[in-house]
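Student: Input: one structure, supplied below.
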Amino acid sequence: MASDKVVETVIAGNYVEMETEGKPKDVKSRLSNLLWHGGSVYDAWFSCASNQVAQVLLTLPYSFSQLGMLSGILFQLFYGLLGSWTAYLISILYVEYRTRKEREKVNFRNHVIQWFEVLDGLLGKHWRNVGLAFNCTFLLFGSVIQLIACASNIYYINDNLDKRTWTYIFGACCATTVFIPSFHNYRIWSFLGLLMTTYTAWYLTVASLLHGQMEGVKHSGPTKLVLYFTGATNILYTFGGHAVTVEIMHAMWKPQKFKAIYLLATLYVLTLTLPSAAAVYWAFGDMLLNHSNAFALLPKSPFRDMAVILMLIHQFITFGFACTPLYFVWEKAIGMHECKSLCKRALVRLPVVIPIWFLAIIFPFFGPINSTVGSLLVSFTVYIIPALAHIFTFKSSSARQNAVEQPPKFVGRWVGSFIINSFVVVWVLVVGFGFGGWASMVNFIHQIDTFGLFTKCYQCPPPLLPPMPPQHLNATAPSPLHHPHHGH
C-alpha cells in the first residue's frame, strides 16, 4: 500500500493538462470545464465505451450471418474479455513508463504521451518503430472506415447522390476535427456519442423484433470457413478499439485509476452489441450475407432516419478519436507538438486527413474492410504487441519486484499473467492473423473483383424503372462486374 501512495503522488502530483491555474472561475470557465475539460474516471469510461462501438454495431449482424448465432455470441464474449485484458496491460505499461520518467523529473505538461513512446521508454527503439508503424496504420484505416460508414449510412436517407459523392462531402466535414486539441476536450462528445450508439442499438433490436422473421428466413451459418473467420475477425476488430488507450489515460487527472475502466466499458458495450446483432440476424438470417449494413434491410421509418443521423454524428466523433493520435504523431514529427497556438496546430494537422479521404474513395467496401483491418492490423496493434511488451518489460526479477503495479491475485500474479499473455499471443497470431487474415483477404479481393476499385455506389440496389443517367454506373470498373447483390 505504501508503494501505491508513492505512485499516487508521483503521478498525480502537479498534472492537469491545459488547465488555467490561479484564475478566478467565472461562469464561462465553469461552462467550459463542464463541456470541454474532461479528465475524470467517468470521462475515460465514456471515451472508451463510445469509441469502442460505432459503425461496427451495423456490421455485427453481417458477422453473425457468417458465424451463426452461437459462435457470434461466444466470440463477442471471448474477444470482449481478451480486449479488456490487453487494455489493462497497456494501462500498466503506461503507468510504469510515466512513473519512471517522472522520477527522472521529466515534465509532461504540454506533451501527450503515446503508445510508441511507452514502448520506446521501456523496451527501446526497435519496439517503438514496430509499435508506431502498426498503430499509425491501424488508426489511419480506422479513420477511413468511419468515412466509408458515413457515406454508407447517409445513402439510406438520401439516395439522390451516390456513396462516393457523400464520401467527398463527409471527408470535408471530418477535417474539422483538427480543431480539437486532445482527448481531454472530448468530454461532451463522448457522452453524446454513447447516447447515440445506445439509441441505435436498441432501435435495431426493437425494429427487428417488431418486423418479425422474413418469410422463409434461413439461418444457415456457418457454411464456409472463409466466411466464418471473416466474421470472427470483425468481432476481433470490434473489441480492438483500445489503440487510443494511452491517449485517453493521458487525458485523465489520475491515470492509475484507469485499470478496470475498459472492462466496465466493454460490459456496457456487450449490452448493446449482443441484443442488436442477435435480433437482426434472427429476423433476416442469410439475407445479411449480401447486406453488410444492417440499416439496408430495415424498413424506412422516422426511427430509422433518426438512428442513421445519430450514427453519422457519432462517426464524426469516432473519426476524431481515431485521427487525434495521428495528429499528435504528425505534430511531433514536424516539431509542432509543444506549440501553444491552436490555429497553427490545426493548420499543420490538415495533411493527415488527405490520405484518409483518398483511401475511403478507393476502398468503399463497408463491412469486408473491417475484417481485413482487424486481422492484419488490430491483431498486432492491440493484442500481440501489448502482451509481448508486458512479458519483455517484466522479464527480469528486479523489474518485477520494482513494478509500480503488481498483477492482481485472481489471475495468479506474474506466472498467471505470463500464461495469459502467451495464450493471447498464440491465439491471436494463429486465429486472428493467420486464419482471419487469409479469410478477410479472400473476401476483400472478392469485393474488388465484383465491384472494382473506386466503385461509385457499393452494394446499392440497381436503379428502378427509367434508368437514371450515369449516376449508378460504375465509372472505373467495367459494368458487367458491377453486380451489387452478388453473393459473398
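Student: With respect to I313, determine if the residue is open to solvent by 10 Å² or more (accessible area, probe 1.4 Å) and either touching a strand residue (DSSP E or B) at 6+ places or on another chain (Cβ under 7 Å) or touching a residue at least 40 places away in the same chain (Cβ under 8 Å) (or both).
Tutor: Numbers: open to solvent by 10 Å² or more (accessible area, probe 1.4 Å): yes; either touching a strand residue (DSSP E or B) at 6+ places or on another chain (Cβ under 7 Å) or touching a residue at least 40 places away in the same chain (Cβ under 8 Å) (or both): yes.
When the stated conditions are applied, I313 passes them.
Student: Consider S152 against the criteria (1) under 15 Å from L57 (Cβ atoms); (2) at pLDDT 80 or above: it satisfies all of them except one. Which criterion is unmet?
Tutor: Of everything listed in (1) under 15 Å from L57 (Cβ atoms); (2) at pLDDT 80 or above, S152 misses just condition (2).
Student: Considering each residue of segment 86-122, count those that are surrounded by fewer than 19 Cβ atoms within 10 Å (Cβ to Cβ) and not in a helix (DSSP H, G or I), and give that number.
Tutor: 8
Student: Filter segment 199-230 for residues that are open to solvent by 60 Å² or more (accessible area, probe 1.4 Å), assigned to a loop (DSSP other than H, G, I, E, B) and either under 21 Å from T271 (Cα atoms) or of a type in the set (V, I, T) (or both) and give the result.
Tutor: Scanning segment 199-230 gives a single hit, T223.
Matching residues to (1) surrounded by fewer than 22 Cβ atoms within 10 Å (Cβ to Cβ); (2) in contact with a helix residue (DSSP H, G or I) (Cβ under 9 Å, 6 or more places away or on another chain):
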{"position": "A260", "(1), (2)": "yes, yes"}
{"position": "A265", "(1), (2)": "no, yes"}
{"position": "L270", "(1), (2)": "yes, yes"}
{"position": "T273", "(1), (2)": "no, yes"}
{"position": "G285", "(1), (2)": "yes, yes"}
{"position": "K300", "(1), (2)": "yes, no"}
{"position": "R304", "(1), (2)": "yes, yes"}
{"position": "A322", "(1), (2)": "no, yes"}
{"position": "W330", "(1), (2)": "yes, yes"}
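Student: Give the residues of segment 180-198 that are part of a helix (DSSP H, G or I) and under 16 Å from A322 (Cβ atoms), sorted by residue number. Walk me through it before giving the result.
Tutor: Looking only at segment 180-198, we keep the residues that are part of a helix (DSSP H, G or I), and these are 183-185, 187-198.
Correct list: F183, N185, W189, S190, G193, T197.
Student: Which one is surrounded by the most Cβ atoms within 10 Å (Cβ to Cβ) among residues in segment 399-453 that are in contact with a helix residue (DSSP H, G or I) (Cβ under 6 Å, 6 or more places away or on another chain), not in a helix (DSSP H, G or I) and not small (G, A, S)?
Tutor: P407
Student: So which of I169, I145 ends up being assigned to a helix (DSSP H, G or I) and either basic (K, R) or farther than 20 Å from W330 by Cβ (or both)?
Tutor: Details: I145 fails: either basic (K, R) or farther than 20 Å from W330 by Cβ (or both).
None of the others qualify; the one that does is I169.
Student: Please identify the pairs in which a residue from segment 254-268 that is assigned to a helix (DSSP H, G or I) and at pLDDT below 90 has its Cβ atom under 8 Å from the Cβ atom of a residue that is of a type in the set (D, E, K, R) and buried (at least 16 other Cβ atoms within 10 Å of the Cβ), counting only partners at least 6 apart or on another chain.
Tutor: Listed pairs, sorted by first residue: P255/R98; Q256/E405.
Student: Can you name every residue in segment 123-146 that is surrounded by 23 or more Cβ atoms within 10 Å (Cβ to Cβ) and touching a Ser or Thr at 6+ places or on another chain (Cβ under 6 Å)?
Tutor: N135, F138, Q146
The values are calculated or read from the model by the stated rules, or taken from the named source; none is laboratory data. From a predicted model like this one, the values you see are computed outputs, not experimental measurements. Quick reminder, even Gly has a Cβ in these numbers, built from the backbone with ideal geometry, and neighbours come from all protein chains shown. Note: areas computed on protein heavy atoms with side chains; ligands, DNA, RNA excluded. Shrake-Rupley method; radii C 1.70, N 1.55, O 1.52, S 1.80 Å.
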